[in-house]
1. Rounded to the nearest 5, what % of the DSSP beta bridges within the chain are antiparallel ones?
2. Given Cα pairs under 8 Å that are at least 6 residues apart, what percent is the relative contact order of the chain?
3. Listing ILE31, ILE90 from the residue with the fewest other Cβ atoms within 10 Å to the one with the most, what is the order?
4. Hey, got the dipole for region 5-184? About the Cα centre, +1 on K and R Cβ, -1 on D and E Cβ, debye to the nearest 20?
5. Quick check: convex hull of the Cα atoms in the chain, volume per residue, rounded to a whole Å³?
6. Residue farthest toward the positive end of the dipole of the chain, with Cβ of Lys/Arg at +1 and Asp/Glu at -1: which of VAL118, LEU6, TYR39?
7. Using modelled amide H (1.01 Å from N, peptide plane; none on Pro or chain starts), what sits under 5 Å from the amide H of GLY45, excluding residues fewer than 5 places away?
8. Which trypsin sites (Lys or Arg not before Pro) in region 1-47 pass both tests, a DSSP loop state and at most 14 other beta-carbon atoms within 10 Å?
Amino acid sequence: MQLPILSYGHSVLREKCQDIEAGYPELQKLIDNMWETMYGANGCGLAAPQVNVPVRLFLVDSKTTYDKMEDGEREDYFHPEDTGIVETFINAAIVEESEETWIDEEGCLSIPALSGRVNRPWSITIEYVNRAFEPQKKTFYGVTARMIQHEYDHTEGVLYLDYLKPLTRKLLQGKLEKIAKGQIKAKYPMKFAK
């Protein structure tokens, strides 16, 4: 079932989310609905707070991005051994970040029609449990690491807007208010703040 995505302005998007226990009610159904919602919105990642569930759960699909890129383009965005992932992250914690950073454009399903250039570490090491609640510790690079960091931030109550320069944020304020009021529409179900 496709769930409505919360728009910019909802307080849930600013909450630090709670860990999930293995017996969390209807967790698998929530995960299935989130995948359907993400793909229905043509997204590459989605975090539980974006569907009004403030828990430490997010999804990332960088494989679709990898598959759509030309070989020469992939070199700039993916580690040579990375062909993208389709993964569920539960109770994630980033335990290491590279000193090397890179800037790229980011958008967000909760902030339709806007994007911004965000500087992030090129690689991260993250601990989490997967959908089967099996503990994982993996290192990711490039665009896969960027997508994970973006979704991880959602579980910390952080939006990509928070990384933009103050002047850039100020210039976007009018559009952000229109998004919150539902005056800027998306091509997928949304729940607007005002």
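Bear in mind these aren't lab numbers, they're just calculated from the coordinates by the rules spelled out. None of these values were measured; they are calculated from a predicted model. Cβ: placed from backbone, ideal geometry, glycine included. Neighbour counts: every protein chain shown.
1. Working: 28 of 31 bridges.
Bridges in the chain are about 90 percent antiparallel.
2. Details: 370 pairs, mean separation 55.8, N = 194.
Dividing the mean separation by the residue count of the chain yields 29 percent.
3. Working: ILE31 16, ILE90 24.
Lowest count first: ILE31, ILE90.
4. Working: 19 positive and 30 negative charges, 199 e Å.
Computed charge dipole of region 5-184: roughly 960 debye.
5. Values: hull volume 23.0 nm³, N = 194.
Per-residue hull volume (Cα only) is 119 Å³.
6. The residue sitting most towards the positive pole is LEU6.
7. When sequence neighbours closer than 5 places are left aside, the close amide H contacts are ASP61.
8. LYS16
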